[in-house]
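Chemist: Mind looking over this structure? Questions follow.
Just so you know, all these numbers are worked out from the coordinates, no wet-lab data involved. What you are looking at is a predicted structure, and each value in this text was computed from that prediction instead of being measured. Ideal geometry is used to build each Cβ from the backbone, glycine not excepted, and the neighbour counts take in all protein chains shown.
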Amino acid sequence: MATILIPTPLRKFTENNSKINIEGATIKIAFESLVGQYEGLAKHLLDDKGNIRSFIRVYLGDEDINALNRDETEVKEDSVISIVPAIAGGAA
Amino acid sequence: MATTIHIDPSIKAFIDKHGEETFPYECCGFLYGSDANGRNITVAKRVTNSKYGDQRRRFEITPQDYLEAERYAAMNDLDLLGIYHSHPNHPAIASVHDLAKAMPFFSYVIVSIMEGKAVDLKSWKLKDEERVFEEETVLISQLSTI
């Protein structure tokens, strides 16, 4: 099973687990499995159409999936997937 | 009910100094500590403002720096508890830009830098289950190092 690393701010939705083992042939399927298991994650990870939110970055190993095949990127048994929240803001 | 964040005076001084040094540009960094017995901030780390564009009113942290911050917390048995940044010549009020990408759980500490001098510090946190900021009660008091 692939491993998804959960960032600190979302661990309240995964019973404080920082690593989740998940089945899924692609990033999209793995995320569907993840939010199926932990429903509270859905609104923070996916938009109304079920796509990964624009302010969530996903890495497969050290590579941004946007540089691969986005949410159709293939996931293997030993894949490590990192969820990275975009951190940005500013005064005005 | 508003939450409370305890910040060690040395950490407040660290944030103030960072904001004053980078004025008129925004600074940013990570906040660590413990959430076990109230939210206590005992460690802060500077990070580069990677925003492409006008850094006088925007900041951004790269995914690589974020991942490094998570690793640092895990290796040092700390909780990654929030982000700080400065508002040069603006009040320490969270903006719509701050809200747009805010995550649950994190404290967003903002220091207001007016003409190069730190004048105010506030902390903001998303309300549970809502995309609305709530101001936290900030207590500046000595905390034992973890």
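Chemist: Roughly how many Å is it from the Cα centre of region B:100-124 to that of region A:16-92, as a whole number?
Modeler: Taking the Cα centre of region A:16-92 as reference, the centre of region B:100-124 is 28 Å away.
Chemist: Hey, what number do you get for chain B at 222 nm if only DSSP H runs of n ≥ 4 count, each worth -39500 (n - 2.57), divided across all residues, to the nearest 500?
Modeler: -6500 deg cm²/dmol
Chemist: Sticking with this structure for a sec: Find the all-direction average of the projected area of the Cα convex hull for region B:77-128, expressing the result in square nanometres with one decimal place.
Modeler: Mean projected area of the Cα convex hull: 4.2 nm².
Chemist: Tally Lys and Arg at +1 and Asp and Glu at -1 over the other residues with C-beta under 10 Å from the C-beta of B:Ala92: what net charge comes out?
Modeler: Neighbourhood net charge equals -1.
Chemist: Here's something else I'd like to know. Dividing the convex hull volume of the alpha carbon atoms of region A:2-85 by its residue count, what do you get in Å³ per residue?
Modeler: Here the figure is 81 Å³ per residue.
Chemist: Which lysines does A:Lys49 reach when only Cα atoms under 25 Å apart count, and residues fewer than 8 places away in its own chain are ignored?
Modeler: Candidates past the 8-residue exclusion: A:Lys12, A:Lys28, B:Lys101, B:Lys127.
Chemist: Still on this structure, I have one more. Amide H neighbours of B:Cys28 under 5 Å, counting only residues 5+ apart in sequence or on other chains, H built in-plane at 1.01 Å?
Modeler: B:Val47, B:Asn49
Chemist: Pull up the cross-link candidates among the lysines for B:Lys117, meaning alpha carbon to alpha carbon under 25 Å and not fewer than 8 places away within one chain.
Modeler: Within the straight-line cut-off, B:Lys117 pairs with B:Lys12, B:Lys17, B:Lys45, B:Lys51, B:Lys125.
Chemist: Residue farthest toward the positive end of the dipole of the protein assembly as shown, with Cβ of Lys/Arg at +1 and Asp/Glu at -1: which of A:Ile20, B:His87, B:Phe105?
Modeler: B:His87
Chemist: Against the empirical 2.2 N^0.38 Å scaling, what ratio does the C-alpha Rg of the protein assembly as shown come to?
Modeler: So the Cα radius of gyration is 1.02 times the expected 2.2 N^0.38 Å.
Chemist: Same structure, new question: With label points built 7 Å along Cα→Cβ from the Cα atoms of A:Glu63 and B:Ile140, find their separation and express it in nm.
Modeler: Spacing of the two 7 Å Cα→Cβ label points: 4.9 nm.
Chemist: Specify the angular offset, from 0 to 90 degrees and rounded to the nearest 10, of the alpha carbon long axis of helix B:63-75 from the longest principal axis of the alpha carbons in chain B.
Modeler: It is inclined by approximately 30 degrees.
Chemist: From zero up to wherever the largest Cα-Cα distance of region B:4-140 sits, split into 5 Å bins and tell me the percent of pairs in each.
Modeler: Taking every Cα pair in region B:4-140, the percentages come to 2, 11, 21, 25, 23, 14, 4, 0.
Chemist: Work out the length of the dipole vector of the protein assembly as shown about its Cα centre, built from +1 on the beta-carbon of each Lys and Arg and -1 on the beta-carbon of each Asp and Glu, and round it to the nearest 20 debye.
Modeler: 500 debye
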